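The values are calculated or read from the model by the stated rules, or taken from the named source; none is laboratory data. Quick caveat: nothing in here was measured; it's all calculated off a predicted structure. Neighbour counts run over all protein chains shown; Cβ positions are idealised from the backbone, glycine included. Each accessible area value is taken on the protein alone, full model and side chains, heavy atoms only, with ligands, DNA and RNA left out. Shrake-Rupley method; radii C 1.70, N 1.55, O 1.52, S 1.80 Å.
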Amino acid sequence: CSDRLFCHDSETNELTWEYQRGVVLNSTITIGADTMYFVESRNSQIMTSPERRVGDPQLWKDLHLVALDAATGSPKWEQKLDAMGQQVVFYLAHAADQLTLVSSANTAFKVTSFADDDGAERWTQSTDWRGGKGDHGKAMSRPAIVGDRLFLRPVVLSLTDGSLLPETMPDQHGCGTYACTADAVIFRSGSVTMWTPENAQTSAWPRLRPDCWLSTIPAGGMLLSPEGGGGCSCGSWMETSLGFMPRVFDRRP
């Protein structure tokens, strides 16, 4: 966690603004258009503590969702959140004029949507960890948004109302998280796997292993997969970095 947020001019390096009121949960810092959003704890014991880690249960007792003007640092609005117990992970994402807050504890994820203009709650949904277990990242799924869908392994939710959609992400054997394109989701399911939600088809590259969080990333028209298996004892990996180009098919009759 952090004590303050600040902004410097990219040309002059002069301090433009500074915000300091509570202890900011870094995994919730996000920007949408001209607004910065985050969750902070204003618990007095946390604010005077010498540590800035999420393990203290006091951190979760006085939480506020805050919106700042990204250019000036001026507060736009804030909403007090309900107190909660110790969390495994805690994320915030912005898309489609709303904020999606994901918390994880007690074998389940809780997903809550807030309007980005005033912080009013839109909907809430809960979904279990895969198999009810938290090993190998099952308790650490993060929100990945594509269009009107929210991917939260193993489920897919409607971003509009939080309802569970019929698509289900394939069983993911191993650590790591997922990256998305407009048409596919890339993650580790044994080895690097690409899944197309529309037709539930998968493609995989045997013996290619991403690292234990996020390393295989679609970017710049390619799929980039730096070596992530060195030193791991869970398989016979190639331990090499690869870059994939799209295969162009001739669709002429």
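Worth pointing out:
- When only alpha carbons are used to place a centre, the stretch 198-213 and the stretch 1-65 end up 35 Å from one another.
- Averaging 1/r over each pair of different alpha-carbon atoms in the stretch 110-253 and inverting the result gives 16.6 Å, the Kirkwood hydrodynamic radius.
- The stretch 17-73 has equivalent-ellipsoid semi-axes of 22, 11, 9 Å, by the square roots of 5 times the alpha carbon gyration tensor eigenvalues, sorted largest first.
- Listed values for the stretch 58-68 are Karplus-derived 3J(HN,Hα) couplings in whole Hz (6.51 cos²θ - 1.76 cosθ + 1.60, θ = phi - 60°), namely 5, 4, 9, 9, 9, 9, 9, 8, 10, 10, 10, and x replaces Gly and Pro.
- Legend: calculated FRET efficiency, Arg149 to Ala219, from the Cβ-Cβ distance at R0 = 25 Å, rounded to 0.05, equals 0.75.
- Expected-Rg normalisation [2.2 N^0.38 Å, Cα atoms] applied to the stretch 1-48: 1.28
- The stretch 132-174 pair-distance distribution - Cα-Cα, 5 Å bins, rounded %: 6, 23, 30, 21, 14, 6, 0
- In plain terms, the chain from Asn26 to Glu14 could stretch by 2.0 nm, reckoned as 0.36 nm per residue minus the Cα-Cα distance.
- Net dipole in debye of the stretch 2-93 [+1 Lys, Arg Cβ; -1 Asp, Glu Cβ; about Cα centre; nearest 20]: 400
- Asp69-Ser44 pseudo-label distance in nm [points 7 Å out on the Cα-to-Cβ vector]: 3.2
- The fraction of accessible area contributed by carbon and sulfur in the chain is 50 percent, rounded to a whole number (1.4 Å probe; ligands and nucleic acids excluded).
- Dimensionless Rg over Rh [the chain; C-alpha; Kirkwood]: 1.00
- Using all pairs of distinct alpha-carbon atoms, the Kirkwood hydrodynamic radius of the stretch 1-145 works out to 16.0 angstrom.
- Stokes-Einstein translational diffusion, the stretch 143-210 - Kirkwood Rh over all Cα pairs, 1.002 mPa s, 20 °C, in µm²/s: 176
- Cα pair distances in the stretch 70-149, grouped into 5 Å bins until the bin that holds the longest one, percent each: 3, 14, 22, 23, 18, 13, 5, 3, 1, 0
- Think of a 1.4 Å ball rolled over the protein heavy atoms: the chain then has 52 Å² of accessible area per residue.
- Treating r as the C-beta distance of Asp135 and Asp34 and R0 as 30 Å, the FRET efficiency rounds to 0.15.
- No disulfide-compatible partner, judged by a Cβ distance under 4.7 Å, exists for the following cysteines of the chain: Cys1, Cys7, Cys180, Cys232, Cys234.
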